[in-house]
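To start, the structure itself, in structure tokens.
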Amino acid sequence: MTHRVRFAPSPTGFLHVGSARTALFNWLFARSTGGTYVLRVEDTDAERNRPELTESLLAELEWLGLDWDEGPLYQSERRDRHREVVEDLLGRGLAYLCDADNAEVEGSSITDGMAVRFRMPPGRTVEFEDIVRGGVSFSTDDLEDFVIWRSNGSPMFLLANAVDDADMGITHAIRGEDLLSGVPKVLLMLDAIGAPHPTYAHLPLLVNEQRKKLSKRRDDVSIADYRERGYLAEAMVNYLALLGWGPPDDVEVRPLSEIVDVFRIEDVNKAAAFFDLKKLEHINATYLRALPRAEFIERVGPWMGEAAPWPTERFDRGVFETMADLIQEKLRTFSDTPRFVDFLFLDDPVDDPDSWHKAMVKGKFAAEILDGTAAAFADCTWDAEVLKDTVMHVGEAVGLKLGKAQAPLRVAVTGRTVGPPLFETMAECMDRAEVLRRIARARARL
RNA sequence: GCCCCCAUCGUCCAGCGGCCUAGGACGCCGGCCUUUCACGCCGGUAACACGGGUUCGAAUCCCGUUGGGGGUACCA
């Protein structure tokens, strides 16, 4: 039998990194076993459901490259079926009507204003084998009767989820560990409707530094935010795959297409995983550096436009393309890019106080360096090598090595102590007059 | 409170009874390279929570303790 899995997000918020990881593992399982990956939107709670969020949810999944084989299916469209199951349970006495005070009310059919509860059979042990957890068991004596149909006439998550999985032939339920304790209730309902049990695989939770489940209140969990902050989808999914799972050959940074070949759901471990931004950044930088030049220029585009710190009309694509080669390897995210080139598209370099202090105040011989380079740049050949030699000589005159000597010049021209290779940038992207103007400007401020 | 789950370097992952004086990655700390930063290279730091068993032998199996987490809604 071919495996069928589903990712069943609820459109009550933007796609969360934990949900994305669940989607990814379902996708990996399906792709690596030749199974089918279904997308189902669990929108049974109309009051909390926001239609526009569904659109965003799908967009982020697409951005991540997690394409689905069937769907999106909407749980809200299956209400009649859910109702039919509840009526059946009610008719057979396996569930009962209850009023607002949770008191049982006589009746064998859904009634307006009444909720329906599933009757928990006493004294039974519900056991199941979880692919990652192993054997898990619950006693029904620890469980309470639970609502399966709201008094407002809509199905509850557990009921809809169980019925839909059964109807859709879902063979494996791969999801977060926070759903583990709901399993016995679902199993009992499946038994009640004569449906087979799916195989479960509960993934370890993603946690923050306090070791608590990632929450959208406290933590940075929005996939859209990461996208906007310049993370690459391929880096994000690669990193997410490493939380709760590890490649058998220790090769961590590799494309999804390769991960599919080595992924096995049985290898997923049980302990919660900390979402480590530092490691994500490392992986992101690795992917960023590996981008072909043209693709880098194309994909960084959104950060070079409206949102950039310079007047859009001042942006010079040709200049930027020249700079691309000089800065690509220095970036961690796309959003790092503007600060490496902003001085080229602004009238004056940005004023970074720390940089100024370091190079012009704390650093020695700033005046000598600026005066010396200004004089020498006035008529030297405008070539990176020549500029470099010039600065080297000016520095030697006061006993500074090139590393120290270039600092005042760098800050005068770019505004910062950190930036692209200075001589190449000046020679290839700036003209003599502008560089001299900036040196003079800085000299005047000393 | 009750139920369930978890427990190897700071972090992620490896280890699934002997190959472990515990391996890789991120981070961190040194060094090299160097026009800043970054990259790259070299080296270093650092862990089997604790206590009992089982076994010739345990990070690996069992029990307990402690610690952590999740669940316990007419949310999903």
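What follows is calculated from the coordinates using simple rules that are stated; it is not laboratory data. Predicted model only: the values in this text are computed from it and were never measured. Neighbour counts are summed over all protein chains in view; Cβ atoms, including those assigned to glycine, are modelled from backbone coordinates with ideal geometry.
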If I stretch the segment between A:Ser137 and A:Asp348 completely, what's the gain in nm (0.36 nm per residue apart, minus their alpha carbon distance), one decimal?
69.1 nm
With both partners inside the stretch A:4-136, how many of the DSSP beta bridges are antiparallel, as a percent to the nearest 5?
55
What percent do you get for the relative contact order of the stretch A:304-445 when only Cα pairs under 8 Å and 6+ apart count?
30
Amide hydrogen neighbours beyond the local backbone of A:Val41, cut-off 5 Å, H modeled:
A:Leu73, A:Tyr74, A:Gln75
Using helices alone, what [θ] at 222 nm do you get for chain A, with -39,500 (n - 2.57) per DSSP H run of 4 or more residues, divided over all residues and rounded to the nearest 500?
-12500 deg cm²/dmol
Calculate one ³J(HN,Hα) per residue across the stretch A:61-77 by plugging θ = phi - 60° into the Karplus curve 6.51 cos²θ - 1.76 cosθ + 1.60, and present them in order as whole Hz with x for glycine and proline.
5, 5, 4, 6, x, 9, 6, 10, 8, 9, x, x, 9, 10, 4, 4, 7
Taking only Cα atoms, what is the 0 to 90° angle, nearest 10, from helix A:277-290's long axis to the longest principal axis of chain A?
60
With the Cα gyration tensor of the stretch A:62-163 giving a ≥ b ≥ c as the square roots of its eigenvalues, does the rule (a/c under 1.5 for rounded; else a/b larger than b/c for prolate; else oblate) give rounded, prolate or oblate?
oblate
Residues of type lysines that A:Lys212 reaches as a straight line, Cα spacing below 17 Å, ignoring anything fewer than 8 places off in the same chain
A:Lys270
What is the stretch A:304-445 by shape, rounded, prolate or oblate, if you read a ≥ b ≥ c off the alpha carbon gyration tensor as root eigenvalues and call it rounded for a/c under 1.5, prolate for a/b larger than b/c, and oblate otherwise?
prolate
³J(HN,Hα) computed for each position of the stretch A:192-208 - Karplus, 6.51 cos²θ - 1.76 cosθ + 1.60, integer Hz, glycine/proline x:
4, 9, x, 9, x, 7, x, 8, 9, 9, 9, 7, x, 5, 9, 10, 8
Using θ = phi - 60° and the Karplus curve 6.51 cos²θ - 1.76 cosθ + 1.60, what whole-Hz ³J(HN,Hα) does each residue of the stretch A:341-355 get, with Gly and Pro shown as x?
10, 4, 4, 7, 10, 10, 4, 10, x, 5, 9, 9, x, 4, 5
Of all stretches in chain A that avoid GluC sites (Glu not before Pro) placed in a DSSP loop and having at most 12 other Cβ atoms within 10 Å, the longest is A:307-446
What's the center-to-center distance, using Cα atoms, between the stretch A:243-277 and the stretch A:131-175 in Å?
28
Long-range amide H contacts for A:Ile148: which residues qualify at under 5 Å (H placed 1.01 Å from N, peptide plane, sequence gap of 5 or more or a different chain)?
A:Val116, A:Arg117, A:Phe118
Any residue on another chain or 5+ positions along whose placed amide H is under 5 Å from the amide H of A:His172 is listed here as A:Arg4, A:Thr199
What's the Kirkwood radius of the stretch A:188-335 in Å, using all Cα pairs?
18.2
With no solvent term and unit scatterers on the alpha-carbon positions of chain A, Debye gives log₁₀ I(q)/I(0) at q = 0.14 Å⁻¹ of -1.22
